[in-house]
Amino acid sequence: MNETRKPRVATVSLAGCFGCHMAILDIDERLVGLMQAVEFDRSPLTDLKTFTRRCDIGIIEGGCCNEENVHVLQDFRRNCDVLIALGQCAIMGGLPAMRNAIMQSDAPLRECLEEAYITGAYIRNTTHQIPNDPALPLLLDRVYPCSEVVEIDYQIPGCAPGGDIIFETLSSILAGRFHGFSRDSFKFD
Amino acid sequence: MSGTGFSFTIDGVAVAAEPGQTIMEAADAAGLYIPRLCDHEGLRHQGGCRVCTVKAGGRSVSACTQPAAPDLVVENETPHLNKLRRDLVEMLFHEGNHLCPICEASGNCELQAMAYRLDMTAPTRFPYLQPSRTLDASHPDIALDTNRCISCGRCIRASQDVDRKGVFGYVGRGIHRRVAVNADDLASTDASIEDAAIAAGTCPVGCIIRKRHGFATPIGERIFDKGPIGHDIEDKRRE
Ligand code: SF4
Ligand code: SF4
Ligand code: SF4
Ligand code: FES
């Protein structure tokens with residue numbers, strides 16, 4: 001083993017809006033230093049769709065809303081030493097989880113899809129059908145936070161988290177000295 | 001001062017008290033903050049949420065209802081008590097549907113601010129119950145999003161004792177206990193936007209919503225953007 005190799009980082013967006021990945025860019029010019037200190041593996045930033053090697057850190061945006069999300073998250077758990085849930089969607093389901101508790105509905109998923117594709121007032125769906133192409137990943141009954149699917153080591157709150165908290169947390173985890181957040185540094189929104 | 005005053009300690013600090021004062025009332029006056037959710041200034045004490053739990057003479061008591069006593073030794077800011085409080089607050093998050101990013105109360109919410117104060121940032125050990133709860137938007141000026149209700153009873157006490165209306169009350173028992181209105185929906189009650197029960201700050205969370213007021217304050221200028229919950233009390237001591 002090469003003792004001085006750079007830590008390897010992988011990232012993925014599951015049931016998220018990509019806002020948390022955009023927030024990584026809010027690190028601003030510190031990103032340059034970070035990019036020199038680490039090596040990105042599987043990530044939308046590198047466009048690598050699979051792991052080339054085992055990674056030190058996996059950063060997850062979004063929870064699990066379909067079966068593909070679950071498989072990808074499990075793959076991250078298998079291939080990363082440390083998993084970080086980035087943002088409220090990964091931590092507790094976030095906005096997609098609004099579909100879990102559609103008021104008084106016995107079948108919230110069906111109701112959500114019907115409104116989105118058939119009955120909604122502003123829909124222009126010429127097929128009048130809920131998309132069911134076999135290539136589409138199967139939706140789960142509800143949206144699950146990452147911690148209900150695999151073990152999560154750290155989480156960075158926010159929607160999206162600010163650049164500062166992402167930078168501070170990543171740097172301190174990389175340096176092996178992460179001891180939580182200071183009280184005024186994190187928000188849930 | 002009536003001359004019958006006495007003193008006791010909270011975390012080793014001497015605190016003056018009058019007979020009949022609760023531990024929390026004496027602590028507030030002395031500029032020592034004890035976390036709380038169901039207690040609210042101007043309302044009678046309920047002692048329901050247990051977030052104010054302190055150790056008094058070694059026993060766990062709710063500071064908002066327990067009278068102060070001469071020479072009582074109270075522990076408040078200890079890792080053990082704050083962990084217990086954090087677990088209580090976390091369970092309140094899990095028991096309802098708390099999507100802070102889309103909530104009108106975000107930034108002004110006492111539950112959220114308490115989670116910040118108590119460092120609720122570690123991956124959770126509890127399941128999310130994700131209940132299906134009602135939203136009552138029938139009233140022209142007020143909406144009730146019970147997904148966010150923490151059953152603290154502050155609206156109930158304000159409506160009963162201050163407004164003399166009794167618009168709100170508890171229904172059900174145990175984990176099924178919920179807050180409900182005394183008619184089919186809010187529009188059918190005599191609730192008014194002028195009520196103390198509806199006033200901003202009575203409901204600690206985003207359940208009682210004053211329509212057309214949501215998201216009016218920009219991020220950075222909301223109540224708890226300016227300082228952690230309890231800082232107004234703690235500032236008294238620093239002065
Ligand atoms: S937490 Fe917010 S910013 Fe991040 S993926 Fe979810 S909705 Fe987007
Ligand atoms: S009521 Fe408070 S804790 Fe609940 S969603 Fe709104 S801001 Fe968050
Ligand atoms: S509506 Fe608000 S004030 Fe009333 S019990 Fe629920 S959380 Fe408390
Ligand atoms: S504040 Fe004392 S029990 Fe709620």
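Label separation (B:E18 vs B:T65): 2.3 nm, computed from points 7 Å beyond Cα along the C-beta direction. Within the protein assembly as shown, the proportion of C-alpha pairs whose separation exceeds 42 Å stands at 23%. Listed by chain and number, the aspartates and glutamates whose alpha-carbon sits under 12 Å from that of B:K83, ignoring those within fewer than 8 places in the same chain, are B:D119.
Along its three principal directions, the equivalent ellipsoid of segment B:84-225 from the Cα gyration tensor extends over semi-axes of 25, 19, 13 Å, largest first. Working note: Karplus 6.51/-1.76/1.60 with θ = phi - 60° gives segment B:6-19 the couplings 9, 10, 8, 10, 10, 6, x, 9, 5, 10, 8, 8, 10, x Hz, where Gly and Pro are set to x. Remark: spin-label model distance B:L84-A:T52 equals 5.4 nm, labels positioned 7 Å along the Cα→Cβ axis. Charged side chains reduced to their Cβ positions (Lys and Arg at +1, Asp and Glu at -1) give chain A a dipole of some 320 debye around its Cα centre. Between A:N66 and A:L140, the built amide H atoms are under 5 Å apart, and every one of these is 5 or more places off in sequence or on another chain.
Mind scanning A:K187/B:K165; B:K165/B:K211; A:K187/B:K236; B:K55/B:K236 and naming the pairs with a C-alpha gap bigger than 30 Å? Violating the 30 Å limit, Cα to Cα: A:K187/B:K165.
Diffusion coefficient (Stokes-Einstein, Kirkwood radius over C-alpha pairs, 10 °C, 1.306 mPa s) for chain B: 84 µm²/s, rounded to a whole number. Distance between the 7 Å Cα→Cβ label points at A:T127 and B:S138: 4.1 nm.
How high is the relative contact order of segment B:69-149, in percent, counting Cα pairs under 8 Å that sit 6 or more residues apart?
33 percent
Shown here for segment A:110-171: trypsin sites (Lys or Arg not before Pro) in loop regions (DSSP other than H, G, I, E, B) with at most 15 other Cβ atoms within 10 Å, namely A:R124.
Taking a point 7 Å out from the Cα of B:H213 in the direction of its Cβ, the residues of segment B:83-115 whose backbone N falls within less than 14 Å of it are B:104-106, B:108-110.
Multiply the residue gap between A:M98 and A:E115 by 0.36 nm, knock off their C-alpha separation, and tell me the result in nm, one decimal place. It would help to have the intermediate numbers written out before the result.
Working: separation 17, 0.36 × 17 = 6.12 nm, distance 1.38 nm.
The A:M98-A:E115 span can extend by a further 4.7 nm.
Translational diffusion of chain A was estimated from the Stokes-Einstein equation, with Rh taken as the Kirkwood radius over Cα pairs; at 10 °C and 1.306 mPa s the coefficient is 89 µm²/s.
Using θ = phi - 60° in the Karplus curve 6.51 cos²θ - 1.76 cosθ + 1.60, the 3J(HN,Hα) couplings for segment A:29-36 round to 5, 4, 4, 4, x, 5, 5, 6 Hz; x is entered for Gly and Pro.
Each Cα pair under 8 Å and six or more residues apart adds its sequence gap; the mean of these over the residue count of segment B:84-225 is a relative contact order of 29 percent. Considering only alpha-carbon pairs that sit under 8 angstrom and 6 or more positions apart, the relative contact order computed for segment B:1-102 is 28 percent.
Measuring max minus min along each principal axis, the C-alpha atoms of segment B:6-77 give extents of 26, 22, 18 Å (largest first).
Rule-based calculations on the coordinates, nothing more; no lab input. Model, not experiment: these values are computed from the prediction. We place every Cβ from the backbone using ideal geometry, glycine too, and count neighbours over all the protein chains shown.
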